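Please treat every number below as a calculation from the coordinates, not as lab data. None of the values given here were measured: they were computed from a predicted structure. With ideal geometry, Cβ positions are generated from the backbone for all residues, glycine too; neighbour counts draw on all protein chains shown.
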Amino acid sequence: MMMLPIGMQVTSNKYSRGFTLIELVLVILFISIITALSTPLFRNTFSELELKNTTFNLSKIINYAQEMAIIDKASYKLNFDFDDGAYWLTKSYFVDGKQTFTTLVGKYGRKFHFPDGLVFTASKKEIVLYPDGRSDKLEINIVDKNGRGRSLKVASFGSQVEMEEIGNE
């Protein structure tokens, strides 16, 4: 016969192991309450992160186009499609003495789409960034479904993109 330390008991009842139904129901109830309380917070946080990420990406594309216009000595154009919620870069070329803009090849040549739930408006459907560092003036407003938003402003000469928060914060 095996000796047990003092205070230890051996139970032979097969029902003494595991959890009771009440314990399981209480744990499930506790987890459900935590999930119900945290879901709206997560949605708001996710929406805010999407807004910040979208404005950051758009400002970086504008900065990239400004730099490339100077380096390549060619005009770049950022085009907007408000109905499709998209924007893309094009570069100017001269063909038979006429300036034409063609879509870039590579990473920056694709069409970028705004995430669902974000609405954007701009003062123009396009902004041209010139080789001498100038650009057209532009203001872009991006607003989420909660009314929070950001405004991107591009000045006319050699400046970085300015960003400010708009809406209810």
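Helix-only estimate, please: 222 nm mean residue ellipticity of the chain, summing -39500 (n - 2.57) across DSSP H runs of length 4 or more and dividing by its residues, to the nearest 500.
Calculated mean residue ellipticity at 222 nm is -11500 deg cm²/dmol.
At a threshold of 8 angstrom on Cα-Cα distance, excluding pairs fewer than six apart, so keeping six or more, what relative contact order does the chain reach in percent?
It rounds to 17 percent for the chain.
Treat the count of other C-beta atoms within 10 Å as a stand-in for reagent exposure and order 145, 153 from fewest to most.
145, 153
With θ set to phi - 60°, apply the Karplus curve 6.51 cos²θ - 1.76 cosθ + 1.60 along the stretch 105-113 and write out the HN-Hα couplings as whole Hz, x wherever there is a Gly or Pro.
The phi angles translate into 9, x, 4, 8, x, 7, 8, 9, 10 Hz.
What ranking do 83, 144 get, fewest neighbouring Cβ atoms within 10 angstrom at the top?
The order, fewest Cβ neighbours first, is 83, 144.
Which far-off residues, 5 or more places away or on another chain, put their amide H under 5 Å from the one on residue 134, with H placed in the peptide plane?
Those qualifying (amide H under 5 Å, at least 5 residues apart or on another chain) are 158.
Please rank 51, 129, fewest neighbouring Cβ atoms within 10 Å first, as an exposure proxy.
Ascending number of Cβ neighbours within 10 Å: 51, 129.
Label points 7 Å out from Cα along the Cβ direction at residue 136 and residue 56: separation in nm?
2.8 nm
Show the residues, 5+ positions off or on another chain, whose built amide H is closer than 5 Å to the amide H of residue 166.
Under 5 Å from the amide H of residue 166: 149, 150, 151.
Checking the cross-link filter: which lysines have an alpha carbon closer than 28 Å to that of residue 77, excluding same-chain neighbours under 8 positions apart?
Filter leaves 52, 60, 91, 98, 107, 111, 124, 125, 137, 153.
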